Amino acid sequence: RRLRGARMRGRVLGHPLTTYNPRLPLVGDRVMLLGDAAGLINPLNGEGIQYALHSARWAADVASDRLASGRLDAASLERYQQRVHQSLRTDLALSRLIVQLMRNRNLTQVWLGALRSIAARAKTDPDYAHNLGCVLTGLTPDVSAVGTGAAARIFGQALVSPLAGG
């Protein structure tokens, strides 16, 4: 009701999001990049709020420790970058891989079959559906919801099932 009578003006515009690259630095002298600035965005859904909150907490821990000692050079802030890398690299790499595979037009039918398989399991397995929903909505990092091995099995089974079925 607040937008009653509103009219669209101009075109809808967007900007590509840069995602995490573990080869790029997240720290410098007196600087720590957090959230979107660090590329902490899930490539599957464009979400980044949970990563921004995690990175803010990690940066605050490092900053409070470093401020007490008066050392804010890049080497002293490296613990923050290590924490980001340790905590999120696998999740973000798996998401990036899935996106790259989905972009391959030769695999379209395989992915559609995989999505049907994932949906069928979610329909009968409430825990799986909950974890899947959390991953897709960005409420939890991808792999932490199910574990790295389980995530690989889920996607592997989803990809193999449609092929096996014909």
Enumeration of residues in the range 39-56 that are open to solvent by less than 20 Å² (accessible area, probe 1.4 Å) and in a loop (DSSP other than H, G, I, E, B):
G39, L40, I41, N42, G48
Can you find a residue in the range 57-68 that is modelled with pLDDT of 85 or more, open to solvent by 40 Å² or more (accessible area, probe 1.4 Å) and closer than 30 Å to L132 by Cβ?
yes
Expected output for the range 1-19 (first residue in contact (Cβ under 8 Å) with a residue 12 or more places away in the chain, partner assigned to a loop (DSSP other than H, G, I, E, B) and surrounded by 10 or more Cβ atoms within 10 Å (Cβ to Cβ), Cβ below 6 Å, 6+ apart or cross-chain) is L17/I41; T18/G39; T19/G39; T19/I41; T19/P43
Only one of V12, V27 that is at pLDDT 95 or above and among the β-branched types (V, I, T):
V27
For the range 21-38, give me each residue that is touching a Gly at 6+ places or on another chain (Cβ under 9 Å) and either open to solvent by 60 Å² or more (accessible area, probe 1.4 Å) or outside any helix (DSSP H, G or I) (or both).
N21, L24, L26, L33, D36
Among R83, R96, which is the only one that is touching a residue at least 24 places away in the same chain (Cβ under 8 Å), more than 15 Å from L34 (Cβ to Cβ) and open to solvent by 60 Å² or more (accessible area, probe 1.4 Å)?
R96
Q81 vs. criteria of a type outside the set (F, W, Y), in a helix (DSSP H, G or I) and in contact with a Pro (Cβ under 9 Å, 6 or more places away or on another chain)
yes
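The values are calculated or read from the model by the stated rules, or taken from the named source; none is laboratory data. Note that the structure is predicted; figures quoted are calculated from it, not measured. So basically every Cβ, Gly included, is an ideal-geometry build from the backbone, and we count neighbours across all protein chains shown. Ligands, DNA and RNA are stripped out before the accessible areas are found, and what is left, the full protein with its side chains, is counted by its heavy atoms. Shrake-Rupley method; radii C 1.70, N 1.55, O 1.52, S 1.80 Å.
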